[in-house]
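Can you keep this structure in mind? I'll have questions shortly.
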Amino acid sequence: MNECCAPDSGGGYDLAVVGAGSAGFSAAITAAGLGAKVALIGHGTIGGTCVNVGCVPSKAMIRAAEAIHCAKAAKRFPGITGSAELADWGQLVAAKDDLVNGLRQKKYAELLPEYENIDYIEGAPARVVQGGVQVGDRLIEVPKVVVATGGRPSLPPIEGIDEVATLDSTQLLELKTLPKSLIFIGGGYIGSELALMMARMGIEVTIICRSRLLPGAEPEISDALTASFRSEGITMYCGSIYDACRKDESGATICIEHEGKRLELTAERLAVMTGRTPNTEGLGLQEVRVELDKRGAIRVNDMMQTSNPNIYAAGDVTDRDQFVYMAAYGAKIAATNALAKGQAAYDNAAMPWVVFTDPQVAGAGLSEAEAWEAGYDVKTSIVPLDQVPRALAARDTRGLIKLVADKGTDKLLGGQIMAPEGSDSIQTLAMALKFNMTAKELGETIFPYLTTVEGLKLAAQTFDMDVTKLSCCAG
């Protein structure tokens, strides 16, 4: 048993939580706060994906790569020159590991003793059974269970991929030495973030994606980000089919169909970023009548309840949003409902999301395509960043803002931002959506001047006027 484990109090649990990552801790702490006695069951490294191999380490390394880029990009200001380069990859990785270890201890291991009614049980992999959870030889009897076992990187079905030394997102951040070249398979948010990071570290980077970069983003933003990546020397193959790869003397070769041509692309390593697989194997879920989707994810309703009324689930193991803050949010709902302490329901209508590329890409609410599909009579507004004073002052006009609204009611439906400070601006739109603001109301709201978030006001005004004809603060 891990040193952070609470002493076993002998059972009598109200709730068992399987998985000790962000969702698992959220469920356990929520339940403990409601007076429940909780068995928190962990296996492997405490803390789960986000703190150990996901959000925290990747964003630390992305910021480091951004520092290199910013030094070189200083020449956009007249009279300034700058340069920076990666001097010691191993030292950078060690600093990242120190950050991860510190947060894991502070936010997970050292947090458990603060909750007397949570017992942390670590050992053999858990199996959900009728009436409880089996951990090795021990049966933990409990009336309700929350499954929060997370997910892991997955490999696509490409011929020969099992013979090639591929890298997933975890392995990429743990490399002892950097390769000279990398081919990234997949242009989603993980692939986009890490590909740009590696390019800024001085690696020759190629990205191959089946549709387009960030397929969940608006097409205008996807196109703009693709152009930005190409301007930094990243080779892009969008709308391509990859069907075979092989190991060779130079490293690895992948075969693709691109614009009607058969191509073979070679790099020292392949980085596979084509999605994640939920950790449902070995849990015995079929035996307890828990329904899974075609990915193997647990199907849950808005109460975070599975097809078995005594079993709930949250986080990346489910068919819901794959963001750490939504995992924690869903876990709170699961624990609350499992203990019959309320009737909370999962609501992602105003959920913000962020991709930490540079420029950052962020969104909330419906895209234009989703709004049309939902039956709205859609109107849109697009403001390029060269119409936002903050971007002009910063001499960095890469990006745009797009808003979506209902034509009949003027109600805001969603929006997306591509901007250097996009991540810190999107929450304003999320709040506008949460409180059902109209585009007119957003356009009439007072915003501080020379901020990126002011671009939301300009985009809202663009539904009805030409903002290029306004003076700086005329709105």
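The values are calculated or read from the model by the stated rules, or taken from the named source; none is laboratory data. What you see is a predicted model; the values in this text were computed from it and never measured. Neighbour counts run over all protein chains shown; Cβ positions are idealised from the backbone, glycine included.
Residue by residue, here is whether (1) out of contact with any helix residue (DSSP H, G or I) (no Cβ under 6 Å at 6 or more places or on another chain); (2) over 29 Å from A84 (Cβ atoms) holds:
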{"residue": "V133", "(1), (2)": "yes, yes"}
{"residue": "E163", "(1), (2)": "yes, yes"}
{"residue": "S169", "(1), (2)": "no, no"}
{"residue": "L175", "(1), (2)": "yes, no"}
{"residue": "S181", "(1), (2)": "yes, no"}
{"residue": "G187", "(1), (2)": "yes, no"}
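Residues in the stretch 425-465 that are assigned to a loop (DSSP other than H, G, I, E, B) and over 13 Å from V383 (Cα atoms): how many?
Here the count works out to 10.
Among A350, A340, which is of a type outside the set (S, T, N, Q), modelled with pLDDT under 95, over 30 Å from A74 (Cβ atoms) and part of a loop (DSSP other than H, G, I, E, B)?
On inspection, the qualifying residue turns out to be A340.
If you go through the stretch 279-298 one residue at a time, do you hit one that is of a type in the set (S, T, Y) and surrounded by fewer than 19 Cβ atoms within 10 Å (Cβ to Cβ)?
no
Assigned by TED's automatic domain parsing to the domain that holds P143, at pLDDT 95 or above, acidic (D, E) and farther than 25 Å from L175 by Cα: which single residue out of E287, E264 fits that description?
After applying the criteria, what remains is E287.
So which of L392, L429, L403 is at pLDDT 95 or above and either of a type in the set (D, E) or over 27 Å from the mean Cα position of the chain (by Cα) (or both)?
Matching residue, one of L392, L429, L403: L392.
Would you mind finding the one in A36, A67 that is crowded, with 19+ Cβ neighbours inside 10 Å, modelled with pLDDT of 95 or more, small (G, A, S) and farther than 13 Å from Y120 by Cβ?
A36
Only residues in the stretch 231-243 that are touching a residue at least 24 places away in the same chain (Cβ under 8 Å) count as the first member; pair them with residues that are of a type in the set (A, V, I, L, M) and surrounded by fewer than 18 Cβ atoms within 10 Å (Cβ to Cβ), Cβ under 9 angstrom, at least 6 apart or cross-chain, and list the lot.
That search, which allows pairs on different chains as well, returns Y237/L263; S240/L263.
Scan (1) among the acidic types (D, E); (2) surrounded by 14 or more Cβ atoms within 10 Å (Cβ to Cβ); (3) free of Cβ contacts under 8 Å to residues at least 12 places away in the same chain for the single condition D98 breaks and write down its number.
Tallying (1) among the acidic types (D, E); (2) surrounded by 14 or more Cβ atoms within 10 Å (Cβ to Cβ); (3) free of Cβ contacts under 8 Å to residues at least 12 places away in the same chain, D98 fails exactly one: (2).
If you don't mind, there's one more thing I want to ask. Checking G408 against (1) under 22 Å from the mean Cα position of the chain (by Cα); (2) part of a loop (DSSP other than H, G, I, E, B), only one condition comes out false. Which one?
(1) is the only condition that G408 fails.
Then there is this: Looking only at the stretch 275-316, how many residues end up being part of a loop (DSSP other than H, G, I, E, B), within 19 Å of S22 (Cβ to Cβ) and among the β-branched types (V, I, T)?
Going through the stretch 275-316 one residue at a time, the tally reaches 2.
A follow-up question, please. What are the pairs with Cβ atoms under 9 angstrom where one residue, in the stretch 159-187, is surrounded by fewer than 19 Cβ atoms within 10 Å (Cβ to Cβ) and the other, located anywhere, is in a helix (DSSP H, G or I) and of a type in the set (G, A, S)? Sequence gap at least six, or different chains.
Close Cβ pairs satisfying both conditions: K176/G90; T177/G90.
Among the residues of the stretch 250-260, are any among the hydrophobic types (A, V, I, L, M, F, W, C) and without any contact (Cβ under 8 Å) to a residue 60 or more places away in the chain?
Yes, the conditions are met somewhere in the stretch 250-260.
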